[in-house]
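Bear in mind that the values in this text are calculations on the coordinates, not laboratory data. A quick note: this is a predicted structure, and the numbers were derived from the prediction, not measured. Here Cβ is always computed from backbone atoms with ideal geometry, including for glycine, and neighbour counts include all displayed protein chains.
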Amino acid sequence: MKLYIALLAAVLSIQLTSCSSGANPGNSQSPSSQNQSTIVNTGSDTMVNLALAWAEQYQTKNPDVSISVSGGGSGTGIASLINGTSDLANASRKMKAEEYDQAAQNGQEPVEFIVARDAIAIIVNPSNPIDQLSLQQVSDIYSGKYNNWSELGGEDRPIVRVSRETNSGTHVYFLEQVLRMGEKGNKTLFSPDTLLLPSSQGITSEVRDNPNAIGYDGLGYVIPEVKVIAVSKGGQGPYILPSVDSVNDSLYPIARDLYIYSAGQPDADIQEYLDWIISPEGQTIVKDNGFVPISAQ
Amino acid sequence: MKMPASGKEQTIVFLIKVSGYSTIVFVVLILFFLLRSGAAALVEVPLSNLFGTLWYPIEEYYGLLPLIAGSIIVTIAATLIAVPVGVLTAIFIAEIAPPSARNTLKPLVEVLGGVPSVVLGFLGILFYSNLVREALYLPTGLTALTGATLLALISIPPIVSISEDALDAVPRSYRDAALALGATQWQTIWRVTLPAARSGVLTASMLGIGRTIGETMVVLMVTGNAPVMPTGLGALFSPVRTMTATIAAEMGEVASGSTHYHVLFFIGIVLFLISLLINLTASAFIFRQRKRSERILS
């Protein structure tokens, strides 16, 4: 739901942008509006609400800058950065080596900015007595090694694994950092009976209603009706709950950086916007949207 | 006496011809586009992978069998629910119900047909799937059965509507003759009216099946989308992933021109062929019926 609203807003903002006809890279015939500048920002669906909130606040402060934000996914954003249709790409993962190669072929040298952090929370139904799991246990649950909660000290119930769809950056992160524990060459796959749900909303509603379910989602999408599991990196503990503090202190093991990439060294307007995002004011918006600010001021 | 065709009439005839032929042109264009974008999958992916049992496209496992099986399970189950219920509802409306009930029932069925599938999916994921899980003691309510029952709800209205029209078109004299020979109302319906309306009822059922296999939103929302290879009847009570849901979920973010992109179009070709097969079977069947009845009548 949230995503659809965000997309609608994105479309609206694109229309507004095209009305004001600024100096975006593909459109330089704007002699009338010298001071108006346009920043085109595409990418990660995880970050689209955050990016919209930034753009909205920044535009009210700087009326001569107009920022158009749209989602589509990290890969889509990076692709449009490389082919020159957008100025900034939001990404919930690092750019891949192949993507850097493609950019180099187009004579670009993308610059990476870390703009926020995101913790991925493991969630279960509130009636599930289990409060904590190790990373290895979560991996074994999703790979299909454990099939009943009693094997983990819970009730005698089947485990229902719930995941995002394979096109989600969150799914890929979870596969690499949780299922495969960050090990290169580890070829573990999700158990084929894992439910692949197309939205964060689908995951939270299944976990809220189904006492057998386990799911994962960005901290910003967790609702109070589900229980968040404390996770430990090794087998022995300590078991840590995801929060702003535990992510900043690098205690919570399933946290990732969120990035914005620019096509090259950014020009003055874009640099100013990026500086503002990293400033305390921009990072307050990060916190309001349920993400973790990059430094705990 | 034949009037010379005026310019106005020629224009109208021309427009009618164009719209008639345009359907054929569109189908051919769609087929051409599907083949152009999807045929590459046959070259890029080894057949043992393409027709394997593991679907995990981000690691280059493109096994289509679980998806095809998923679509077939959901479609068969939905058809087994929708066709009997739909045809019986049509019989009730056309033959049994008093005129007052008939005048309320038919519009109500058409209202059901107007409910957008995304709304049904939303109700399904919020309420109905929990009901299924609790009533049948299943691990999860997002199953093939949940999807099939909701799809049946979607395909019942067209089945009722078209079957009812077909039953209505059976001449009054057929029923009068049957009743005059001493047949009961049930015997008249089962032995005379329904067989006479057979081709319309069959068309209705085929349209219903076509609607079911192509429906996307509901199955994407309530069947759980797990690409499990079905092993037996139990598959009806476990999550499935259909071809339509796969295309809808993955097309959005796939890189244009990649192997994954070609495979998704290849799924489109498979879906197209299955629909074509259903329609050909239906029209062959209807054609055969008509010839037989013509023979009897002559």
Quick check on my filter: what residues within the range B:123-159 are outside any helix (DSSP H, G or I) and not small (Gly, Ala, Ser)? B:TYR137, B:LEU138, B:PRO139, B:THR140, B:LEU142, B:THR143
Based on this model, can you work out whether A:ALA121 counts as more than 13 Å from chain B (Cβ to nearest Cβ), among the aliphatic types (A, V, I, L, M) and more than 28 Å from A:LEU50 (Cβ to Cβ)? no
Report yes if some residue within the range B:181-194 is hydrophobic (A, V, I, L, M, F, W, C), part of a helix (DSSP H, G or I) and within 14 Å of chain A (Cβ to nearest Cβ); otherwise report no. no
Strands (runs of 3 or more DSSP E) lying entirely in the range A:149-219 (those with 2 or more residues that are in contact with a strand residue (DSSP E or B) (Cβ under 8 Å, 6 or more places away or on another chain), more than 20 Å from A:SER74 (Cα to Cα) and in contact (Cβ under 8 Å) with a residue 12 or more places away in the chain): A:160-164, A:213-218
Which residues, taken from the range B:260-277, are over 16 Å from B:PRO66 (Cβ atoms), crowded, with 18+ Cβ neighbours inside 10 Å and away from chain A (no Cβ under 14 Å)? B:HIS262, B:PHE265, B:GLY268
Among the residues of the range B:118-140, is there at least one that is surrounded by fewer than 23 Cβ atoms within 10 Å (Cβ to Cβ), away from chain A (no Cβ under 13 Å) and among the hydroxyl-bearing types (Ser, Thr, Tyr)? no
Would you pick out the residues in the range B:249-258 that are assigned to a helix (DSSP H, G or I) and buried (at least 17 other Cβ atoms within 10 Å of the Cβ)? B:ALA249, B:GLU250
What are the residues in the range B:92-147 that are under 18 Å from B:VAL160 (Cβ atoms) and in contact with a Lys or Arg (Cβ under 7 Å, 6 or more places away or on another chain), if any? B:ILE93
Of the residues B:GLY224, B:GLY210, which single one is surrounded by fewer than 21 Cβ atoms within 10 Å (Cβ to Cβ), of a type in the set (Gly, Ala, Ser) and within 25 Å of B:TYR128 (Cβ to Cβ)? B:GLY210
Which numbered condition B:GLY52 fails, given (1) surrounded by fewer than 17 Cβ atoms within 10 Å (Cβ to Cβ); (2) without any contact (Cβ under 8 Å) to a residue 60 or more places away in the chain: (1)
Might you check whether a residue that is within 30 Å of A:PRO192 (Cα to Cα), out of contact with any strand residue (DSSP E or B) (no Cβ under 7 Å at 6 or more places or on another chain) and either outside any helix (DSSP H, G or I) or without any contact (Cβ under 8 Å) to a residue 12 or more places away in the chain (or both) occurs anywhere in the range B:104-122? yes
Considering only the range B:11-63, state which residues are within 14 Å of chain A (Cβ to nearest Cβ), among the β-branched types (Val, Ile, Thr) and assigned to a helix (DSSP H, G or I). B:ILE58
If I ask for residues that are touching a helix residue (DSSP H, G or I) at 6+ places or on another chain (Cβ under 9 Å) and within 14 Å of another protein chain (Cβ to nearest Cβ), which ones from the range A:96-118 would you list? A:LYS96, A:GLU99, A:GLN102
Scan the range B:53-96 for residues that are hydrophobic (A, V, I, L, M, F, W, C) and touching a strand residue (DSSP E or B) at 6+ places or on another chain (Cβ under 8 Å) and jot them down. B:LEU54, B:TRP55, B:LEU64, B:LEU67, B:ALA69, B:ILE73, B:VAL74
Given (1) closer than 23 Å to A:GLY154 by Cβ; (2) more than 20 Å from the chain's Cα centre (by Cα), identify the lone condition not met by A:PRO253. (2)
Of the numbered conditions (1) of a type in the set (D, E, K, R); (2) more than 25 Å from B:SER283 (Cβ to Cβ); (3) surrounded by 13 or more Cβ atoms within 10 Å (Cβ to Cβ), B:ASP168 fails exactly one; give the number of that condition. (2)
In the range A:236-255, anything farther than 16 Å from A:ILE122 by Cβ and in a loop (DSSP other than H, G, I, E, B) is listed as A:GLN236, A:ASP249, A:SER250
Select from the range A:182-209 the residues that are β-branched (Val, Ile, Thr) and closer than 17 Å to B:ALA249 by Cα and write down the one among them that is surrounded by the most Cβ atoms within 10 Å (Cβ to Cβ). A:ILE203
